[in-house]
Amino acid sequence: MIDTQTGADPRRLMAMASMRWQQVMAIAVCVALNALDGFDVLSISFASPGIAAEWAIDRKALGFVLSFELMGMALGSILLGQVADRIGRRATVLGCLAMMLAGMGATSFVHSLPELAITRVLTGLGIGGMLAVTNALVAEYANDRWRSAAVTVMAAGYPMGAIAGGSIASAMLATHGWRDVFLLGCGMTLLLLPFVAIFLPEPVSAVLLRRDAGTLGRLNQSLRKLGHDTVSALPPQSEAPRKTTLADLFSPDLRRLTVMLTIAYFMHILTFYFILKWVPKVVSDMGFTPSAAGGVLVWANVGGLIGGLVFAALSSVLPLRKLIVGAMLASVVTVTWFGQPHAGLHALAWAAAIGGFCTNAGVVGLYALVASSFPTATRAGGTGFVIGVGRGGAALGPVIGGFLFQAGFTLPLVAAIMACGALIAALALTVGPRGLADPLPA
């Protein structure tokens, strides 16, 4: 047991100590949770050809179907992220898993668009809350040396889940119906529940946010579960940081920074989710089977995974903003190219993979740029605002695509129009203020 009366703060001790296997296991569970999110978000995309065929809905209506859980995600990330600070990270994760389980299970039994909207928004609420909490969890579980690497690996879990779950779903669709895709999501969620209950303690820093008579006991319980020595007393309570208000983000010093980052994130995410959400339906309409169409979406996520990892490696040696702008301009070209006529399924898969590579590289870069551009006092509030508002672009991407298809626009033209989101994002970053950081490693 460590005597905190001597000034040893368990947060700093953990940050400086080597990683314990319990910490690695907790981070691995968070990666798995993010992978589950990745599959759940795209499950509707894999199921969309079957839904459209069974219910005879047009592309405009399908665009809304593809956006239902994205709307829920926006609400979940804002509302449940705040709830986690009040009731705890672990309790919020379990609550989010319960919502995802209920939403995915109920989706397999719906028979109308209103019912589907309710179940997908419920699923999205859980996914959005999970995304907000797992980011904090990984950063709080890791020590200083491995924190950046742990966050990068966690981010890679999202496309990993889409690849692994999507591969299974694509194989299932060859012999099963679209409802079975959501039953698969239920099974994956149930599989993760015991791992969360056993291996995810409340992070030490989160325990110390809320102090009462039982705080010391909860603190030592978390320390034991993470493989560290317990303490004899609580460390001194630091002054709580002032909460950022919306007015702070639009002060004269930050106004232009906030606006430009929000525009960039909103517009690039619009392009990103257009290609991820519409790939199966577009390929299916070309005459390929739903399982083959799902396979093309899997390749889009394989490209996205590789793109994110390559971007992370390049960002250690190249200026961040210039690298992001380059990825966005490449996204304009590759998303437009995906919409052009291709000779066969393999060519379509390659086009989708390259589009996923460039668009996801831009998304990964934007997360890093947003976090590094705001001053320390406004970083959390600024990041939350940019990403929260920007997720509106995620919901609008499939909807706008659906309206354009319904209006009679051809795929090449729709793809070219939707690719312009990444172009506008690149322009926003190019004309942005000097506060848009170009951090290089020390």
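Between Ala53 and Asp180, what FRET efficiency comes out of the Förster formula 1/(1 + (r/R0)^6) with R0 = 22 Å and r the beta carbon distance, rounded to 0.05?
Numbers: r = 15 Å, r/R0 = 0.68.
For R0 = 22 Å, the calculated efficiency reads 0.90.
Report the relative contact order of the chain, percent, no decimals, based on alpha-carbon pairs under 8 angstrom and at least 6 residues apart. Spell out each step's value before the answer.
Values: 779 pairs, mean separation 106.6, N = 442.
Result for the chain is 24 percent.
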Working with all protein chains in place, sort Tyr158, Tyr265 by solvent-accessible area computed with a 1.4 Å probe, largest first. Tyr158, Tyr265
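Apply the a/c threshold of 1.5 to the C-alpha gyration tensor of the stretch 228-335 and tell me whether it is rounded, prolate or oblate. Please report the intermediate quantities before stating the final value.
Details: a/c = 2.30, a/b = 1.68, b/c = 1.38.
It is prolate, given that a/c is not under 1.5 and a/b is the larger ratio.
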Length gained when the stretch Ala149-Glu115 is fully extended (0.36 nm per residue, less Cα-Cα span): 8.2 nm
Based on the Kirkwood radius over alpha-carbon pairs, what value in µm²/s does the Stokes-Einstein equation return for the translational diffusion coefficient of the stretch 292-350 at 25 °C and 0.890 mPa s? 191 µm²/s
May I ask you to give the percent of accessible area on the chain that is carbon plus sulfur, with a probe radius of 1.4 Å? 69 percent
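Are there chymotrypsin sites (Phe, Trp or Tyr not before Pro) in the stretch 80-167 that DSSP marks as loop and that have at most 12 other Cβ atoms within 10 Å, and which are they?
Numbers: sites: Phe109, Tyr141, Trp146; in loops: Phe109, Trp146.
In loop regions of the stretch 80-167 (DSSP not H, G, I, E or B), the sparsely surrounded chymotrypsin sites (Phe, Trp or Tyr not before Pro) are Phe109.
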Residue farthest toward the positive end of the dipole of the chain, with Cβ of Lys/Arg at +1 and Asp/Glu at -1: which of Pro10, Tyr273, Ser108? Pro10
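What is the extension gain from Cys420 to Ala164, computed as 0.36 nm multiplied by their sequence separation minus the C-alpha to C-alpha distance, in nm to one decimal?
Working: separation 256, 0.36 × 256 = 92.16 nm, distance 3.03 nm.
Computed gain between Cys420 and Ala164 is 89.1 nm.
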Pairs of alpha-carbon atoms within less than 8 angstrom and 6+ residues apart define the contacts here; what relative contact order does the stretch 254-371 have, in percent? 39 percent
Give me log10 I(q)/I(0) at q = 0.21 Å⁻¹ for the stretch 152-249, Debye formula, one equal scatterer per alpha-carbon, no solvent. -1.06
Return the calculated 222 nm mean residue ellipticity for the chain, to the nearest 500 deg cm²/dmol, obtained by summing -39500 (n - 2.57) across DSSP H runs with n ≥ 4 and dividing by the residue count. -26000 deg cm²/dmol
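I need to check one value: relative contact order of the stretch 61-167, counting alpha carbon pairs closer than 8 Å and at least 6 residues apart, in percent.
Working: 122 pairs, mean separation 36.7, N = 107.
Worked out over the stretch 61-167, it gives 34 percent.
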Rounded to 0.05, the calculated FRET efficiency for the beta carbons of Ser251 and Val431 at R₀ = 22 Å is 0.65
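Is the shape of the stretch 295-411 best called rounded, prolate or oblate, per the rule: a/c under 1.5 gives rounded, else a/b larger than b/c gives prolate, else oblate, with a ≥ b ≥ c the square roots of the Cα gyration tensor eigenvalues?
Values: a/c = 2.65, a/b = 1.49, b/c = 1.78.
Judged from the Cα gyration tensor, the stretch 295-411 comes out oblate (a/c at least 1.5, b/c at or above a/b).
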Could you tell me what % of all Cα pairs in the chain have separations over 29 Å? 46 percent
Everything considered on the Cα gyration tensor (a ≥ b ≥ c; rounded for a/c under 1.5, else prolate if a/b is larger than b/c, else oblate), the stretch 1-112 must be described as prolate
In whole angstrom, note down how far apart the Cα centers of the stretch 77-155 and the stretch 185-218 are. 14 Å
With all protein chains modelled, accessible area of Asp40 [1.4 Å, Å²]: 0 Å²
The chain, Gaussian network, Cα under 10 Å: of Val302, Val282, Val181, the residue fluctuating most is Val282
Calculated FRET efficiency, Ala15 and Asp285, Cβ-Cβ r, R0 56 Å, to nearest 0.05? 0.60
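Hey, can you find the accessible area per residue of the stretch 104-232 for me, probe 1.4 Å, expressed in square angstrom?
Working: 5190 Å² over 129 residues.
Value for the stretch 104-232: 40 Å² per residue.
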Which is the longest run of the chain containing none of the trypsin sites (Lys or Arg not before Pro) found in DSSP loop states (not H, G, I, E, B) with at most 11 other C-beta atoms within 10 Å? 1-241
Once Ala98 and Thr230 are pulled to full extension, the length gained, defined as 0.36 nm per residue separation minus their Cα-Cα distance, is 44.4 nm
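The values are calculated or read from the model by the stated rules, or taken from the named source; none is laboratory data. Here the structure is a predicted model, which is why all the values come from computation and not from measurement. Don't worry about glycine lacking a Cβ; one is built from the backbone with ideal geometry, like all the others, and counts go over all protein chains shown. Remember, those area values only see protein heavy atoms, side chains included, never the ligands or the DNA or RNA. Shrake-Rupley method; radii C 1.70, N 1.55, O 1.52, S 1.80 Å.
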